[in-house]
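Let me begin by presenting the structure, written as structure tokens, before commenting on it.
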Amino acid sequence: MAIASIDIVCENSKTTLDQWDRKHSWHPFTQMKEYAALPQLHVERGEGCWVWDTEGNRYLDANASIWTNAHGHNDPEINAALKVQIDKIAHSTYLGLSHPLGAALGKKLADMVPGVLSRAIFSDNGSNAVEIALKLSFQYWQLREKPEKRLVVGMQDGYHGDTFGAMAAGDSGGFHGRFDPWLFESRVFSSPACDEVNGQEFSADTEKSLSELKILLETEGTCIAALILEPSIQGPAGMRLQPKGFLKEVEALCRRFEVHLILDEVFVGCGRTGSMLACDTESIEPDFLCLAKGLTAGYLPLAATLTSESVYQAFLGSFESGRGFFHGHTFTGNPLAACVALKSIEKLERLIDSKRLKETIAYFGERFEEAFRGHPNVDEMRQRGLAAAIDLCPGEGREAWPIDERVGMQVCVEARKQGLLLRPLMDSILIVPPLVISSEEIDFLFENLKTALSAVLKKISN
Ligand SMILES: Cc1ncc(COP(=O)(O)O)c(C=O)c1O
């Protein structure tokens with residue numbers, strides 16, 4: 001049996017890699033029994049919107065490497081910046097020390113985000129960015145002599161990550177229900193379910209959602225520390241959208257009842273909806289803003305939680321006062337990741353200013369609509385920015401597919417044969433390409449997704 005050393009790993013056959021993976025890996029959000037029965041795919045390299053597996057097959061990355069990739073894989077400018085930094089230093093702690101890239105990124109983010117958010121706490125993933133926002137809010141109210149403000153309000157189907165605080169603030173029973181006994185108490189208000197494709201909004205239940213929130217705040221506002229939600233698009237819930245104007249109302253209610261507003265822009269931030277931040281579009285000024293995923297364009301793990309000078313000031317005092325914020329991670333503010341973030345933001349600003357992103361989104365929306373509007377097996381479709389979802393169904397008058405039929409998963413596995421990488425959410429297909437996807441690649445995406453869908457529907461109807 002070959003040894004898994006980095007020098008020889010590329011020379012090993014696919015069969016050996018399959019064996020190592022089957023025997024020693026435990027993939028996240030994956031039923032490993034199902035995985036073991038599927039053909040394995042080892043992504044070896046990438047270029048632009050494409051990745052190649054160990055056998056030389058090419059795939060369009062329509063999952064943007066789990067919603068992170070902005071400028072394509074193997075981007076020459078980001079690579080060059082990274083190479084310069086790696087020759088200086090790969091890591092140096094941010095606990096009580098600084099480095100030039102961390103300082104520069106803090107400044108860049110403060111300039112980039114809305115309103116009074118001038119302080120950044122770095123971490124290394126979206127869940128941690130959320131944990132930090134929650135803990136800052138809890139501690140802030142203690143420091144301001146309002147320790148009764150402890151509750152968190154989240155929105156229906158909210159997802160903020162898999163750590164305990166993020167699970168408690170979220171509403172992803174399907175993922176996290178097992179851990180309920182260990183989660184702190186929280187409240188949930190209904191989401192203003194809204195459909196949109198190609199800039200056109202359909203049905204939304206804004207009034208119900210806002211009146212539920214208002215009642216919650218009227219009855220328990222004095223005990224509520226923070227409200228957290230994913231603005232504009234709830235990606236992990238299957239690209240659930242909010243109607244325009246909704247966020248502004250939520251912001252006003254938070255202000256009225258003295259409740260912190262935490263915006264989780266882990267998914268929508270950094271260009272996904274067409275602007276740098278989703279809160280920009282509606283001029284919202286949150287108390288805390290969480291960024292991760294696209295912040296480093298799919299290169300390295302980095303997250304940031306932004307807050308205001310006035311929150312920051314509340315934490316100042318002598319060491320003995322215990323007002324300091326005791327939360328940090330070993331790789332907090334890693335210099336390589338900070339360097340990538342700076343370069344990526346610079347590129348993103350160019351992409352947005354050039355209007356190319358806007359044009360790409362318009363084309364993506366048109367082609368998405370053409371591909372699936374009226375399809376007998378598409379129950380609902382949603383799209384905003386470069387994020388879209390179709391909910392599959394057996395067709396009118398037909399009984400729903402049994403869960404274990406795994407139709408969404410079958411479509412994604414079939415799509416690989418057409419050179420397309422996608423990830424399902426039950427029987428929904430989520431489509432999240434890199435921000436630099438071209439028109440030809442968008443055509444390729446929808447044509448091949450349709451082909452894969454037809455093949456699976458044919459197979460399961462036999
Ligand atoms: C909106 C949102 N918040 C938080 C997270 C958690 O981020 P991470 O997986 O980096 O912990 C995710 C991940 O998908 C997300 O989409």
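The values are calculated or read from the model by the stated rules, or taken from the named source; none is laboratory data. For clarity, every value in this text was computed on a predicted model and none was experimentally measured. With ideal geometry, Cβ positions are generated from the backbone for all residues, glycine too; neighbour counts draw on all protein chains shown.
Below, the figures for the structure above:
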{"item": "Flag for PHE175 being within 25 Å of LEU216 (Cβ to Cβ), within 12 Å of the ligand (Cβ to nearest atom) and loosely packed, with under 15 Cβ neighbours inside 10 Å", "result": "yes"}
{"item": "Subset of the stretch 12-66 that is within 16 Å of the ligand (Cβ to nearest atom) and hydroxyl-bearing (Ser, Thr, Tyr) - its residue that is surrounded by the fewest Cβ atoms within 10 Å (Cβ to Cβ)", "result": "THR30"}
{"item": "Candidates SER123, SER191, SER118, filtered to the one that is hydroxyl-bearing (Ser, Thr, Tyr), over 15 Å from ALA292 (Cβ atoms) and within 16 Å of the ligand (Cβ to nearest atom)", "result": "SER191"}
{"item": "Residue list for the stretch 300-326, restricted to those being of a type outside the set (A, V, I, L, M, F, W, C) and either surrounded by 15 or more Cβ atoms within 10 Å (Cβ to Cβ) or in contact with a His (Cβ under 8 Å, 6 or more places away or on another chain) (or both)", "result": "PRO301, THR305, THR307, SER308, TYR312"}
{"item": "The listed residue being within 16 Å of the ligand (Cβ to nearest atom), without any contact (Cβ under 8 Å) to a residue 60 or more places away in the chain and crowded, with 19+ Cβ neighbours inside 10 Å, out of ALA204, ALA168", "result": "ALA168"}
{"item": "Residue within the stretch 410-433 that is over 18 Å from THR68 (Cα atoms) and of a type in the set (Lys, Arg) present", "result": "yes"}
{"item": "Some residue of the stretch 291-303 being without any contact (Cβ under 8 Å) to a residue 60 or more places away in the chain, part of a helix (DSSP H, G or I), under 19 Å from the mean Cα position of the chain (by Cα) and in the same structural domain as MET112 (by TED's automatic domain parsing)", "result": "yes"}
{"item": "The stretch 261-277 residues that are on the phi > 0 side of the Ramachandran plot, paired with ones that are within 12 Å of the ligand (Cβ to nearest atom) (beta carbon under 6 Å, 6 or more apart)", "result": "CYS270/GLY294; CYS270/LEU295"}
{"item": "Among the candidates ARG423, ARG398, ARG416, residue that is touching a helix residue (DSSP H, G or I) at 6+ places or on another chain (Cβ under 8 Å), basic (Lys, Arg) and surrounded by fewer than 21 Cβ atoms within 10 Å (Cβ to Cβ)", "result": "ARG423"}
{"item": "Residues located in the stretch 138-160, provided they are outside any strand (DSSP E or B) and within 16 Å of the ligand (Cβ to nearest atom)", "result": "GLN156, ASP157, GLY158, TYR159, HIS160"}
{"item": "Flag if VAL266 is crowded, with 24+ Cβ neighbours inside 10 Å and under 27 Å from HIS91 (Cα atoms)", "result": "yes"}
{"item": "Failed item, numbered, when LEU134 is tested on (1) farther than 26 Å from GLY274 by Cβ; (2) out of contact with any Gly (no Cβ under 6 Å at 6 or more places or on another chain); (3) within 14 Å of the ligand (Cβ to nearest atom); (4) hydrophobic (A, V, I, L, M, F, W, C)", "result": "(2)"}
{"item": "Matching residues in the stretch 427-462 - criterion: being over 21 Å from GLY385 (Cα atoms) and in contact (Cβ under 8 Å) with a residue 24 or more places away in the chain", "result": "ASP427, THR451, ALA452, LEU453, ALA455, VAL456, LEU457, LYS459, ILE460"}
{"item": "Some residue of the stretch 70-87 being within 16 Å of the ligand (Cβ to nearest atom) and either of a type outside the set (Val, Ile, Thr) or surrounded by 15 or more Cβ atoms within 10 Å (Cβ to Cβ) (or both)", "result": "yes"}
{"item": "Wholly within the stretch 1-119, strands (runs of 3 or more DSSP E) carrying at least 3 residues that are within 23 Å of GLY235 (Cβ to Cβ)", "result": "58-61"}
{"item": "Selection status of ARG398, basic (Lys, Arg) and modelled with pLDDT under 95", "result": "yes"}
{"item": "Condition met for ILE224 (surrounded by 24 or more Cβ atoms within 10 Å (Cβ to Cβ) and not polar (S, T, N, Q))", "result": "yes"}
